[in-house]
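First comes the structure, then the notes that go with it.
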Amino acid sequence: FERFATSKIKSVKDLNAIKTLGFRGEALPSIASIAEVVIKSKYKNEVGHEYKISYGKKIHFKSSNIENGTSIEIKNIFNNLPARKKFLKSQNYEYRKILSLFKNFSLYYYGIDMKLINNDKIIYNLKSSTLLKRIGALYSKKIPSSLIEIKFNKDNYKISGFIGNLSLVKQSRGNQFLYINGRYIKDKLINMSIYNSYKSL
């Protein structure tokens, strides 16, 4: 959580060997300076720990009974910066943005348990599963039976995923989720290529 501490680049050679998504180098200290952050983490058989930092100041570092994995809680964003806080939109708007991000990540990382809580209400409590089951858990249990699996390999390229059959065809271009090398992307050319394949329908 200190500045410049999270960079994964130690030499020029590292630029061609980055295998993680991770935070941009300055994101963790930037977030910790404008919010209350609690991170809990445990790796396999090691002892779990909890670290709390509030607006850039360390509050505590102690052992934790967390199960394997990492949990990050961020609260009271911009409470120490009222001028920045006023630029936040309504609670409903900010929640919709969070919900969109949650779906983006939970679709790709379907092998990880994910939970979304809003105003003390559990919206999603997703367990590790297959991609097909995760799609059903996020949308409707009826949808997986209307999906067609895609698997395509050529040269150094692999394309995999699911597309909807005719019963799922809609006029809008929503609910397209595209990932390249583990990263969620938005690309008008790819979106339109997919949409145009269905255009005659």
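The values are calculated or read from the model by the stated rules, or taken from the named source; none is laboratory data. Computed from a predicted structure; not experimentally measured. Virtual Cβ from ideal backbone geometry, glycine too; neighbours counted across all protein chains shown. Note: accessible area is taken over every heavy atom of the protein model, side chains too, but ligands, DNA and RNA are not part of it. Shrake-Rupley method; radii C 1.70, N 1.55, O 1.52, S 1.80 Å.
Just how many % of Cα pairs in the chain lie over 23 Å apart, if you round to the nearest whole percent?
Everything past 23 Å amounts to 60 percent.
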Under 5 Å between amide H atoms, partner at least 5 residues away or on a different chain: which partners does GLY48 have, H built in plane at 1.01 Å?
SER64
Interchain or sequence-distant (5+) residues whose placed amide H lies within less than 5 Å of the amide H of LEU178 are ILE185
Determine which residues of region 130-164 fall in the zone a paramagnetic label at TYR184 would reach in this model, i.e. backbone nitrogen under 13 Å from the point 7 Å along Cα→Cβ.
none
Which whole-Hz couplings ³J(HN,Hα) result when phi for each residue of region 120-131 is put into the Karplus expression 6.51 cos²θ - 1.76 cosθ + 1.60, θ = phi - 60°, listed in order with x for Gly and Pro?
6, 10, 6, 8, 9, 9, 8, 9, 3, 7, 8, 4
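With a cap of 12 neighbouring Cβ atoms within 10 Å, and only residues DSSP puts in a loop, list the trypsin sites (Lys or Arg not before Pro) found in region 141-201.
In loop regions of region 141-201 (DSSP not H, G, I, E or B), the sparsely surrounded trypsin sites (Lys or Arg not before Pro) are LYS141, LYS142, LYS170, ARG173, LYS186, LYS199.
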PHE102 accessible area, assembled protein chains, probe 1.4 Å, Å²
30 Å²
For ASP155, what accessible area in Å² do you get when you roll a 1.4 Å probe over the heavy atoms of the protein chains, rounding to the nearest 10?
140 Å²
What is the percent carbon and sulfur in the accessible area of the chain, measuring with a 1.4 Å probe over the protein chains and ignoring ligands?
54 percent
For GLY161, enumerate residues with amide H under 5 Å from its amide H, sequence gap 5+ or separate chain, H modeled in the peptide plane.
ILE150
To the nearest 10 Å², what's ILE123's accessible area with a 1.4 Å probe?
60 Å²
Taking Cα pairs closer than 8 Å and at least 6 residues apart, the relative contact order of region 55-158 in percent is 13 percent
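Distance check, please: which entries in LYS75/LYS115; LYS19/LYS188; LYS103/LYS142; LYS40/LYS133 exceed 20 angstrom between their Cα atoms?
The pairs that break the limit, which is 20 Å between Cα atoms, are LYS19/LYS188; LYS40/LYS133.
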Taking Cα atoms only, helix 188-198 is inclined relative to the longest principal axis of the chain by an angle, in degrees rounded to 10, of 30 degrees
Any trypsin sites (Lys or Arg not before Pro) in region 10-96 that lie in a DSSP loop and have at most 12 other Cβ atoms within 10 Å would be LYS10, LYS19, ARG24, LYS44, LYS86, LYS89
So what's the angle, to the nearest 10 degrees on a 0 to 90 scale, between helix 91-108 and the longest Cα principal axis of the chain?
70 degrees
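Tell me, what is the percent relative contact order of the chain, built from C-alpha pairs under 8 Å that lie six or more residues apart?
Relative contact order, the chain: 10 percent.
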Mind checking the per residue accessible area of the chain for me, 1.4 Å probe, whole number of Å²?
79 Å²
